[in-house]
Amino acid sequence: MQVDKQQISNMMNVRMRSSYLLICFFIACLPPNLNAHIWDCDVLPKNEDNFTRASFRLWIDDSIKAPSAILVLAPGFNGDGRDYVQNNTWRLFAKKHNLALLGIFFKSNIETAVPYHKMNGRSGSAFFESLVVLSIKSKVAAISSAPLLIWGTSAGGQLAYGLACIQPERVIAFAAIKGGIYETDYNPSVREVPGLFIIGGNDVVYRKENIIHIFEANRMANAVWCLAIESNAGHEIGKSNTIIIPFFEAVLQRRLPSNSNLSLLRIDASVGWLGFRDSLEVKDASTIDLFKRTNTVWLPNKKCAEAWAAFSRNY
């Protein structure tokens, strides 16, 4: 019998393609990171609560046995931020600084009088309840009491500020990206929590005015806060992380104690750098007379000050 070499070759090619597709399908079905673990948690609302849903996702890399802190990632109003823990930028940041990641998903009815980002409502309690549950699920006891680094955009930024108000002693720093309405009951101790507020130059007027008002009122009282303006952006996240990441890194170095059983280290507002909002100059705070510090932002170190100036000029 004569063998058709071309037919055999075609059959082999078909089999090779089938095997390749099968391997690709298998790889696609694998978890995104085999060297990490993810746990989910839901806190059920009651009739009187200021939220209709509260869901949380914890991510810890296998190389991290006892996280030094939790980086909380909060999306805009009624957004689901649980998949933020899949973001490679934040995963690398977490591994570098020995952090766990927590993506959150709160919902409120639009017409509700008290939205979930008012954290002295029941939503604040639900948030901290979730950490206890997740510490049990993950068998990582540190999660229930770990200090918090909080990143939030829009309503998530308002939530970040709100958590800093209700438990300032537990918050390392917060970043509020273009959030417009800060409804959590005010706590003067929030001034001692390093905060970064970001405004979009093309965002709606009321948001910009509200952010400037809350920043200036507290900065006049020596809050360790920074205000950055992304002039060519609107309400989107935009380039915010180019200033948030160096801000968070600098504050982590200054606030985390060597012993995890100790309280967060207090920030001295006179130690750091100042950015002048009009000129965008940056100077060591120790070289500036107290009475000449008006219309400034506070920054934790020189690198962060330079990043703030670049962000303010370029974006």
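Just so you know, all these numbers are worked out from the coordinates, no wet-lab data involved. All of these numbers come straight from a predicted model, not from anything done at the bench. A quick note on method: Cβ atoms are made from the backbone with ideal geometry, for glycine too, and the neighbour counts reach across all protein chains shown.
Computed from the alpha carbon positions, the gyration tensor of the range 167-315 leads to an equivalent ellipsoid with semi-axes of 23, 18, 15 Å, biggest first.
Summary of packing: across the peptides 282-288, 148-154, the per-residue average of other C-beta atoms within 10 Å ranks them, highest first, as 148-154, 282-288.
In summary, the aspartates and glutamates within cross-link reach of Lys118, defined as a Cα separation below 12 angstrom excluding same-chain residues under 8 places away, comprise Asp49, Glu183, Asp185. Partners of Lys96 within straight-line reach, counting aspartates and glutamates whose Cα lies under 12 Å from its Cα and excluding those fewer than 8 residues away in the same chain: Asp61, Glu249.
Scale the Cα Rg of the range 48-124 by the rule-of-thumb value 2.2 N^0.38 Å and send over the ratio, two decimals.
Working it through for the range 48-124, the quotient is 1.24.
With a Förster radius of 41 Å applied to the beta-carbon distance between Glu209 and Lys95, the computed FRET efficiency rounds to 0.55. One quarter of the surface of the convex hull around the alpha-carbon atoms of the range 239-315 equals 5.6 nm², the direction-averaged projected area. Under the rule a/c < 1.5 gives rounded, and otherwise a/b versus b/c splits prolate from oblate, where does the chain land using the Cα gyration tensor? Verdict is prolate for the chain. If r is the Cβ-Cβ distance from Met220 to Ala66 and R0 is 41 Å, what FRET efficiency results, to the nearest 0.05? After rounding to 0.05, the efficiency reads 0.55.
With R₀ fixed at 30 Å, the C-beta to C-beta distance from Asp42 to Glu183 puts the FRET efficiency at about 0.80.
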